[in-house]
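Take a look at the structure set out below.
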């Protein structure tokens, strides 16, 4: 009997090892999360701060041209521009202050390039993809989105001098400089205003000899005077401007 009991008893060292392994298997409770070190947490905060900071826009060269086209823009007082289909309102603004600005309504890059070459014009665009092709023809890229700011970009870059004598001297509709004085009776036939008394409010009428658009002196040009005053570089208000007839009712130039 004593020998049998002796054989059934195991050494204490073996029992302790078995107990430890059993505890490890049965203890399935999740341990609470504890960050191993503070450095990792600090790095995550740094990444978050960097991500929240707005990216700075890279400044690009707004103008390029091959030397063989230098005569297109060498005389800044006789510059001619070609505006692409993205900037129609800018073309009207430029014409309002006497700048020669043709506008291509179609989105046709080949036609834009060839027309600029044919008429010795500087292309003005907001199309980064087209500008990036750098085809050699003088091309100016507009950074600004607001039309008045775009006009200021052009004036500043090409050092354009806006004369009060040229203020609203071009046809806003077609870019022609051929404005002729129109007889009142001829103006009545063309305008056909419902109220005959409206014709008495204006002494003179003009008509574009190219597109036949009619203009007359109006009151809303004062708003245009204030808007374009900064471009004249003078404290004096510009001379009398013209008001345009765009529809069957009285309307002024669209300066908005």
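For this structure, a couple of remarks:
- Pick from the stretch 86-119, criterion part of a helix (DSSP H, G or I) and under 18 Å from the mean Cα position of the chain (by Cα), ranking: surrounded by the fewest Cβ atoms within 10 Å (Cβ to Cβ): 88
- Filtering the stretch 184-193 to residues that are part of a helix (DSSP H, G or I) and in contact (Cβ under 8 Å) with a residue 24 or more places away in the chain leaves 187, 190, 191.
- Qualifying residue in the stretch 138-152 (condition: free of Cβ contacts under 8 Å to residues at least 40 places away in the same chain and farther than 26 Å from residue 231 by Cα): no
- Restricting the stretch 124-135 to residues that are part of a loop (DSSP other than H, G, I, E, B) and over 16 Å from residue 111 (Cβ atoms), the residue that is modelled with the lowest pLDDT: 134
- Here residue 181 meets the list (1) outside any loop (DSSP other than H, G, I, E, B); (2) in the same structural domain as residue 112 (by TED's automatic domain parsing); (3) at pLDDT below 95 almost entirely, failing just condition (2).
- Annotation: of all residues in the stretch 156-173 being touching a residue at least 40 places away in the same chain (Cβ under 8 Å) and more than 18 Å from residue 217 (Cβ to Cβ), the one that is surrounded by the most Cβ atoms within 10 Å (Cβ to Cβ) is 162.
- Among the candidates 126, 105, residue that is in contact with a strand residue (DSSP E or B) (Cβ under 9 Å, 6 or more places away or on another chain) and either over 18 Å from residue 66 (Cα atoms) or in the same structural domain as residue 208 (by TED's automatic domain parsing) (or both): 126
The values are calculated or read from the model by the stated rules, or taken from the named source; none is laboratory data. These figures come from a predicted structure and were not determined experimentally. Positions of Cβ are generated from backbone atoms using ideal geometry, with glycine treated the same way; all protein chains shown enter the neighbour counts.
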